Each structure stands twice: as structure tokens, then as C-alpha cells.
1. Kindly state which helices (runs of 4 or more DSSP H) lie completely within the stretch 1-81 and contain at least 2 residues that are modelled with pLDDT of 90 or more and surrounded by 15 or more Cβ atoms within 10 Å (Cβ to Cβ).
2. Where the second residue is part of a loop (DSSP other than H, G, I, E, B) and the first is of a type in the set (Lys, Arg) and lies in the stretch 13-38, which pairs have Cβ atoms under 7 Å and are six or more apart or on separate chains?
3. State all residues of the stretch 1-59 that are among the hydroxyl-bearing types (Ser, Thr, Tyr) and in contact with a strand residue (DSSP E or B) (Cβ under 9 Å, 6 or more places away or on another chain); if no residue qualifies, say none.
4. Among the residues of the stretch 89-109, is any in contact with a helix residue (DSSP H, G or I) (Cβ under 8 Å, 6 or more places away or on another chain), surrounded by 17 or more Cβ atoms within 10 Å (Cβ to Cβ) and on the phi > 0 side of the Ramachandran plot?
5. If I go through the stretch 82-114 residue by residue, how many of them are in contact with a Leu (Cβ under 9 Å, 6 or more places away or on another chain), β-branched (Val, Ile, Thr), at pLDDT 85 or above and in a loop (DSSP other than H, G, I, E, B)?
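The values are calculated or read from the model by the stated rules, or taken from the named source; none is laboratory data. Keep in mind that what you see is a predicted model, and the values were worked out from it rather than measured. A quick note on method: Cβ atoms are made from the backbone with ideal geometry, for glycine too, and the neighbour counts reach across all protein chains shown.
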Amino acid sequence: MNSIVSLFESRGDVVGAFTANNVFTPALAKAVAQTGKSGKMCAYGFDLGPVQQDAIRAGDLTGSLGQQPFLQGFWPVMQLYLQIDRGISAANLDTRAQLVTKDTVEKVGKRYEN
């Protein structure tokens with residue numbers, strides 16, 4: 001987060017930022033809030049965990065892109081098993097990207113609380 005804050009402060013003209021995973025997206029949201037840029041810049045990231053959802057609600061993130069977490073975790077393991085144990089080649093699986101903004105964050109649900 002400190003690196004993101006330093007970047008924002010050193011440039012002064014940052015109007016948008018994107019982070020590509022669940023590690024840096026919460027840090028981006030904290031940096032936006034800490035520098036007073038909430039609602040003043042376009043800040044997007046990946047994943048829809050509770051921290052990202054709260055940041056979207058607060059206006060610290062403009063939005064975030066999530067995918068079906070069960071399929072991202074379970075299916076690769078199942079494909080490895082099928083390849084190793086049964087010789088069945090892996091298949092492509094669309095985990096259905098979901099763009100979530102302040103207007104749609106309440107529709108995400110509680111899928112991360114299990």
C-alpha cells in the first residue's frame with residue numbers, strides 16, 4: 001500500500017489505477033482512501049472478497065472483476081486428478097467474469113463466508 005500511496009503522491013496527476021489480484025486490490029483501495037481520492041479517481045481491481053466489496057461500497061474502489069471462486073479452486077484440482085489418475089486431458093472452463101460496481105455490489109451475495 002505504501003508504494004501505491006507514494007506513486008499517487010509523487011505524481012499528483014493519477015486519475016486511474018488497476019490492480020490484478022486479491023493481494024494488491026485491497027491495498028489499492030486503502031491507498032485511495034488514505035490519499036483522499038475516494039470517488040475522485042477510477043480504481044479497479046480483481047476478485048470480490050469482503051474487503052473489495054466493502055471498498056466498492058465506500059467508494060474507495062470504482063469496481064472489481066470477479067470470477068466464480070469455486071470453479072477456480074475446485075476445477076483445476078479435479079482436472080489434475082483426472083489427468084494423472086485417468087489420463088483424461090484437461091478442458092477449458094469459463095468461470096464467467098463478473099464486473100461489480102457500487103450499483104451491483106449488493107447482488108454479489110455472501111459466497112465468501114463459507
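1. Numbers: elements: 2-11, 24-34, 50-58, 69-81.
So the answer is 2-11, 24-34, 50-58.
2. Lys30/Met1
3. Within the stretch 1-59, the first condition is being among the hydroxyl-bearing types (Ser, Thr, Tyr), and the residues that meet it are 3, 6, 10, 19, 25, 35, 38, 44.
Once the filter is applied, which keeps residues that are among the hydroxyl-bearing types (Ser, Thr, Tyr) and in contact with a strand residue (DSSP E or B) (Cβ under 9 Å, 6 or more places away or on another chain), the stretch 1-59 yields Thr19, Thr25, Tyr44.
4. no
5. 1
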